[in-house]
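Notes follow the structure.
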Ligand code: PMP
């Protein structure tokens, strides 16, 4: 779909995956004016396909677009495009329990712009790929490294939206952590470097007794759709769920830590290393993480009845 600045998005078309043409002076290439989303289609045991809360991705894209001074497709246009791409790729959706179809909506400033300013034209593209587990650890526990040199986002920046400009700057810290054998990086706040933010592509939860804490969304972390869903499931199960500033010392003192995201779903954390101190956490069948994961995955794949209106059947 295309749109001129402040204009309406035209009706899109489905075409085979391939290269696109852009001006060398496209806003996205020069000034990073683009935001994206990530959602998944799951196959039910009866073969039908389900989407998980695509309207929330649409609403998050709208908020992100406003922050990056871009027009955005309406919620209906967004959801309709995601449904069409999932349907057109239905033969690529893995069997139930064997993976999912990852769907990537991308909104970019595609028109040419030389001096710093918003692009005169925008393009909205949705593409898809079958995926399995995000981490090489599969569903096994992750080993995280608390990064205290690089930060992911600063107050007033774009850390709270899914701007493409948030991702390249984390690659250095991520590749350094990976080369030392860690699965991912945990970022701290940019001001005091003492409060937990999130990992490179997922939100973080800390469990102590029956209390589950997660960093409050204050503009520097992404308000994950999985995060919101897991908080609701945990509340339903009688846990006390708290959004607050989570001090790194409390993370090191927790019973359990887990990550949430469209890609990682709900992933247990086995160890965290912070300034040469390494802490091990409870994982396994009795963990809170496992219980929350099984409810979420059950709803996403249609094995647990969706009483919340979270899944959309696209057949
Ligand atoms: N934080 C970041 C930085 C992310 O890129 C993602 C993935 N979208 C998340 C958190 C998790 O968000 P969601 O649950 O909506 O996928």
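Figures for the structure shown
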| read-out | value |
| --- | --- |
| Label-point separation in nm, residue 307 to residue 2, each point 7 Å along Cα→Cβ | 5.0 |
| Computed over region 38-150: relative contact order in percent, which uses C-alpha pairs under 8 Å that are six or more apart | 25 |
| Rg(Cα)/(2.2 N^0.38 Å) for the chain, N = residue count | 1.01 |
| Radius of gyration, Dmax [region 246-315; alpha carbons; angstrom] | 15.5, 52 |
| Within a Gaussian network of the chain (alpha carbon springs, distance under 10 Å), most fluctuating of 217, 301, 226 | 217 |
| Pairs of alpha carbons in region 142-300 whose separation is greater than 29 Å (percent) | 11 |
| GNM top mover of 246, 131, 191 - the chain, alpha-carbon springs below 10 Å | 191 |
| Theoretical gain in end-to-end length, residue 178 to residue 140 [0.36 nm per residue, Cα-Cα removed] | 12.1 nm |
| Dimensions (Å) - region 2-131, Cα atoms, principal axes, largest first | 53, 27, 22 |
| Crossing angle, helix 225-236 versus the chain [Cα axis fit, 0-90 degrees, rounded to tens] | 40 |
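Quick note: the coordinates plus some simple rules give every number you see, no bench work behind them. Source: prediction; values computed, not measured. Because the Cβ atoms are built from the backbone with ideal geometry, glycine has one as well, and the counts that use them run over all protein chains shown.
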